[in-house]
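Asks: One structure follows; several queries about it will come next.
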Number of protein chains: 2
Amino acid sequence: MLKKERHDFIMRQINLHNRVLTSDLVQLLNVSEDTIRRDLQELVDENLLYKVHGGALSKSYHSSFDDSTVYARDSKIAIGKKAVRLIKDGMVVLTGGGTTILEFVKLLPQGISATFFTISPLVAVELAKYNNIEVILIGGLFSKNSQVTYGGQVITQLSEIKADLCLMGTSAIHPEEGLTDTYWEINQLKKAMLACAKRTAVLCISEKLDIALRLRVCPIESISYLITELDVDHESLSRYKEKELNIL
Amino acid sequence: MLKKERHDFIMRQINLHNRVLTSDLVQLLNVSEDTIRRDLQELVDENLLYKVHGGALSKSYHSSFDDSTVYARDSKIAIGKKAVRLIKDGMVVLTGGGTTILEFVKLLPQGISATFFTISPLVAVELAKYNNIEVILIGGLFSKNSQVTYGGQVITQLSEIKADLCLMGTSAIHPEEGLTDTYWEINQLKKAMLACAKRTAVLCISEKLDIALRLRVCPIESISYLITELDVDHESLSRYKEKELNIL
DNA sequence: CGCGTTTTTGCGTGTTTATGCAATAAAATA
DNA sequence: TATTTTATTGCATAAACACGCAAAAACGCG
């Protein structure tokens, strides 16, 4: 492999993941640490990345990333970390859209190998950064509000999928009313997603607990996992605990 | 073997594999290293390839070096502006992916009303910013490299679409060889896209002119519009003009 | 044809580049 | 603080390179 190609490879990794570990590159490229260090140094000289102890970081990552604008980002990261624990190698996972799911994707471990179906283009793009994840984007009408595909075509395609786990964000959850939503189309969509997965995990920041909206997606019993940023023993969750769903 | 033949051989290797090693060429062509180096140097002088220590790389292989700063952005905006002129209210348009298409989308006039099918999630997200554009994302396997959906499912769905216009980016275009590409899946995809649109516009920055890659997508006659950043009367385009396709 | 010129090619020599190794220093981690 | 991990530095080696030279081939032209 030519040096230039190695540099390109490194830059791709950086642009993709915003970071690289020296040790990873040594393995991936099959060269000595020294070579990688020299490569990184040269890329630094060209002003293409930041070098840090253990690897390198993307330059753009620090300056221009609007991660901060995500509402309640810390909570969503906490939720994401818990959700990651549910993912095992070889799984077939179906995900919805939304910023919580997006944070979850960013927290997946590098080497993970799995198949992901998703109705969210942004989630697909983020998932594509993992080499061993197969990404299938479910196509259809694209919703300007929720930034996911929806409509009959999506539901038809969902009906052909059999997933081990479905991860979905939520608009509202209530101990008695279960999962609810405001829009008919999204409601239908969620029903279809639930139907095609063995188990479903609901990612839900605490402020959406105990709310019931107009349309019912499913009773609380249809959900396998409820993931919030709260401690498992937090009192807000007590009424959900009684319902025998796993709380993370 | 004549020098010219050797040069052609080298260029073929480059277009095929995006790279060549000096040592390989020495073996394959049975000449001294010096000769190969001289050959490569001459090809560099003709602006046909990129020379690096150990061999040479294709010029069109800009890799995916800088994701953050779109390569040749100005040219792509110029192309985008021209492409916008083709879009009329009420049209059904099919688009591929790539940065050129993305720039085009950003340049669309606000009020425009149309239906867009696309295989690119990023394009879909961008299109969603227009209130009167209906966006249909065609789903399927998601390609990590080209960031578009591909595969049998995509092609099946494409076959059910009838679009007025197809806009696609290009890897290479050549007056005799037509549209060509390196990857089988992308090749198939482009064929399917062409087949479902009445007319096709190819968005192509000038440096991709006169290049022929391994796999043929279609002859030049199947294309309706060729859009580059160059002036219509630029001499680089003269050989395309003869082919009676519209040049913008 | 003859003869000078240009082109092409390979070889020798010295230089530069790429890469790994080893010893040491610095940083992170426990 | 002790220990492990990661960095730095200098050095060695092999590969790749540049340059000049010379032989051979191709060319041009009277």
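Asks: Work out, step by step, the length gained on full extension between B:Glu176 and B:Tyr71: first 0.36 nm times the residue separation, then minus their alpha carbon distance; give nm to one decimal.
Replies: 35.1 nm
Asks: Name the residues whose placed amide hydrogens come within less than 5 Å of the amide hydrogen of A:Tyr183, ignoring near sequence neighbours (fewer than 5 apart) on the same chain.
Replies: Correct list: empty.
Asks: Once the label point is set 7 Å along the Cα-to-beta-carbon vector, what list of distances in nm do you get between A:Asp34 and its counterparts in the other copies?
Replies: 3.2
Asks: Follow-up. Tell me, what ³J(HN,Hα) does each residue in segment A:80-85 have, in order and in whole Hz, if you take phi through Karplus 6.51 cos²θ - 1.76 cosθ + 1.60 with θ = phi - 60° and put x for Gly and Pro?
Replies: x, 4, 5, 5, 4, 4
Asks: Would you kindly state how much longer the chain becomes between B:Val52 and B:Lys81 on full extension, computed as 0.36 nm times their sequence separation minus their alpha carbon distance, in nm to one decimal?
Replies: Between B:Val52 and B:Lys81, full extension yields 6.9 nm more.
Asks: Which of these, B:Val135, B:Val52, B:Val123, has the largest mean-square fluctuation under a Gaussian network model of chain B (Cα springs below 10 Å)?
Replies: Answer for the Gaussian network model of chain B: B:Val52.
Asks: Given R₀ = 30 Å, FRET efficiency for B:Lys88-B:Ser236 by Cβ-Cβ distance, to 0.05? Write out the running numbers ahead of the final one.
Replies: Details: r = 29 Å, r/R0 = 0.96.
Given R0 = 30 Å and the Cβ-Cβ separation, E is 0.55.
Asks: Provide the per residue accessible area, probe 1.4 Å, for chain B, rounded to a whole number of square angstrom.
Replies: With the other protein chains kept in place, chain B gives 46 Å² per residue.
Asks: Here are some pairs, B:Lys88/B:Lys144; B:Lys4/B:Lys81; A:Lys59/B:Lys82; B:Lys76/B:Lys190; which of them have Cα atoms lying more than 30 Å apart in this structure?
Replies: B:Lys88/B:Lys144; B:Lys4/B:Lys81; A:Lys59/B:Lys82
Asks: Sticking with this structure for a sec: Which of A:Leu127, A:Leu179, A:Leu21 ends up with the largest GNM mean-square fluctuation for chain A, with Cα atoms connected below 10 Å?
Replies: With Cα springs under 10 Å in chain A, the top fluctuation among A:Leu127, A:Leu179, A:Leu21 is at A:Leu21.
Asks: How large is ³J(HN,Hα), in whole Hz, for each residue of segment A:160-170 in order, when computed from phi with the Karplus curve 6.51 cos²θ - 1.76 cosθ + 1.60 and θ = phi - 60°, using x for Gly and Pro?
Replies: Each residue's phi maps through the Karplus curve to give 9, 9, 10, 9, 6, 8, 10, 10, 9, x, 8 Hz.
Asks: What distance in nm separates the simple spin-label points at B:Asp210 and B:Lys198, each placed 7 Å from Cα in the Cβ direction?
Replies: Here the answer is 3.5 nm between the modelled labels.
Asks: Something else now. Enumerate the calculated ³J(HN,Hα) couplings along segment B:140-157 in order (Karplus 6.51 cos²θ - 1.76 cosθ + 1.60, θ = phi - 60°), each rounded to whole Hz, writing x wherever the residue is Gly or Pro.
Replies: Going residue by residue, I get x, 4, 10, 7, 5, 6, 8, 6, 10, 7, 8, x, x, 4, 4, 5, 4, 5 Hz, with x marking Gly and Pro.
Asks: Determine the total buried accessible area between chain A and chain B, counting protein heavy atoms only with a 1.4 Å probe; round to the nearest 100 Å².
Replies: 2800 Å²
Asks: If one computes the Cα centroid of segment A:162-232 and of segment B:174-220, what distance in Å separates the two points?
Replies: 45 Å
Asks: List every residue whose amide H lies under 5 Å from the amide H of B:Ala197, counting only residues 5 or more places away in sequence or on a different chain, with H placed 1.01 Å from N in the peptide plane.
Replies: Correct list: B:Ala163.
Asks: Which percent, to the nearest 5, of DSSP beta bridges fully inside chain B are antiparallel?
Replies: Numbers: 15 of 38 bridges.
Counting only bridges with both partners in chain B, antiparallel ones make up about 40 percent.
Asks: Taking the Cα centre of the protein assembly as shown as origin and charging only Cβ (+1 Lys, Arg; -1 Asp, Glu), how large is the dipole, in debye to the nearest 20?
Replies: Dipole size: approximately 520 debye.
Asks: Counting only DSSP beta bridges with both residues in the protein assembly as shown, what percent are antiparallel, rounded to the nearest 5?
Replies: Among the beta bridges of the protein assembly as shown, antiparallel pairing accounts for roughly 45 percent.
Asks: Still on this structure: What does the charge count around B:Gln153 come to, taking other residues whose C-beta lies under 14 Å from its C-beta (Lys +1, Arg +1, Asp -1, Glu -1)?
Replies: Here the charged neighbours net out to -4.
Asks: Which value, in debye to the nearest 20, gives the size of the charge dipole of chain A about its Cα centre, when Lys and Arg are +1 and Asp and Glu are -1 at the Cβ?
Replies: Roughly 320 debye, rounded to the nearest 20.
Asks: Computed FRET efficiency, Cβ-Cβ of B:Lys243 and A:Lys3, R0 45 Å: what is it to the nearest 0.05?
Replies: 0.65
Asks: If you put a point 7 Å past Cα along the Cβ direction, how far is that point for B:His53 from the same point in each other copy, in nm, smallest first?
Replies: 3.0
Asks: Evaluate peptide A:134-147: per residue, the Cβ atoms of other protein chains within 10 Å of its Cβ; return the mean as an integer.
Replies: Counting other chains' Cβ atoms within 10 Å and averaging over A:134-147 gives 6.
Asks: List the residues whose amide H sits under 5 Å from the amide H of B:Lys51, counting only those 5 or more places along or on another chain, with H placed 1.01 Å from N in the peptide plane.
Replies: Under 5 Å from the amide H of B:Lys51 lie the amide H atoms of B:Leu57, each far enough along the sequence or on another chain.
The values are calculated or read from the model by the stated rules, or taken from the named source; none is laboratory data. Only a predicted model underlies this, so the values are computations on that prediction, with no experimental measurement involved. Quick reminder, even Gly has a Cβ in these numbers, built from the backbone with ideal geometry, and neighbours come from all protein chains shown. Please note that ligands, DNA and RNA were not included when accessible areas were found on the heavy atoms of the full protein model with its side chains. Shrake-Rupley method; radii C 1.70, N 1.55, O 1.52, S 1.80 Å.
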